[in-house]
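First comes the structure, then the notes that go with it.
The values are calculated or read from the model by the stated rules, or taken from the named source; none is laboratory data. All of these numbers come straight from a predicted model, not from anything done at the bench. Cβ placement follows ideal geometry from the backbone for every residue including glycine, while neighbour counts extend to all protein chains displayed. Note: accessible area is taken over every heavy atom of the protein model, side chains too, but ligands, DNA and RNA are not part of it. Shrake-Rupley method; radii C 1.70, N 1.55, O 1.52, S 1.80 Å.
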Amino acid sequence: MEKSVRRVVTGHDAQGRAIIQEDGVVPRVQRVGGAIGPLFHEVWNTQATPAPIDAASGEPHEDGIVLAPPKNGTRIRVLDIPPEGDGIRNMTPEEARAHFAEIGAGDASAHGEGSRHALMHRTETIDYGIVLEGELVLIMDEGETTVRAGDIVIQRGTNHGWANRSDKNCRIAFILIDGAFDEQLKR
């Protein structure tokens, strides 16, 4: 079993002093795509820009796990991505769409004839991916590269997929920021 993710949230007391409001494991954790899928540790979200900062409210409520951040918002999550097996390599386009539909993003799936990976997808976001442990292969429409612990990927609304071709789990943190495609990039 993957180790838990600790979340420390700060806030203010009644006198306006800075406090540690919460310190514990991330409360929302879900495996997506069955036993072969990644484990999502949902750390926090914001639902507006600029994000409201008050004394002591918690994370804005969300139902379930959603791939993209809220409109005009942000999301931080940690993913544990297990080594890839035949279940992903042989996934049909319908199975890939169902995988993404579990996280409210069936339309993000780009798996089809000629796609380079079953879990290719695209979201209207800027994502900062920080590899914490292990390694992943970032697959693009053209080209791919391996990223390892300490590497940072800036994903700019491009079609991409992640493959764990190693024999160990990969843990990666993502900070997702709602974006807007310019006219040239809209599908």
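What the table shows:
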| item | result |
| --- | --- |
| Accessible surface of segment 85-131, 1.4 Å probe, proportion on carbon and sulfur as whole % | 47 percent |
| Estimated translational D of segment 38-146 in µm²/s (Stokes, Kirkwood radius over Cα pairs; 25 °C; 0.890 mPa s) | 156 µm²/s |
| Rel. contact order, % - alpha carbon contacts under 8 angstrom, at least six apart, segment 87-187 | 27 percent |
| Farthest positive-ward along segment 125-187 dipole, Cα basis, beta-carbon charges - from Val153, Leu185, Gly134 | Gly134 |
| Stokes-Einstein diffusion coefficient of the chain, Kirkwood radius over Cα pairs, 37 °C, 0.692 mPa s, in µm²/s | 187 µm²/s |
| Near-label residues of segment 115-133 by backbone N, under 18 Å of a point 7 Å along Cα→Cβ of Glu94 | 118-119 |
| Dipole in debye (nearest 20) - segment 1-139, about Cα centre, beta carbon charges: Lys, Arg +1; Asp, Glu -1 | 180 debye |
| Heavy-atom accessible area per residue - the chain, 1.4 Å, Å² | 55 Å² |
| 27 Å Cα-Cα reach of Lys186 towards lysines, excluding residues that sit fewer than 8 places from it in its own chain | Lys71 |
| Residues Asp167 and Ala18, FRET efficiency given R0 of 41 Å [Cβ-Cβ distance, rounded to 0.05] | 0.40 |
| Whole-Hz couplings from phi, Karplus 6.51/-1.76/1.60, listed for segment 73-78; x for Gly and Pro | x, 9, 8, 10, 9, 10 |
| Theoretical FRET efficiency, 1/(1+(r/R0)^6), r = Cβ-Cβ of Glu133 and Asp107, R0 22 Å, to 0.05 | 0.10 |
| Relative contact order of the chain, defined on C-alpha pairs under 8 angstrom at six or more residues apart (%) | 20 percent |
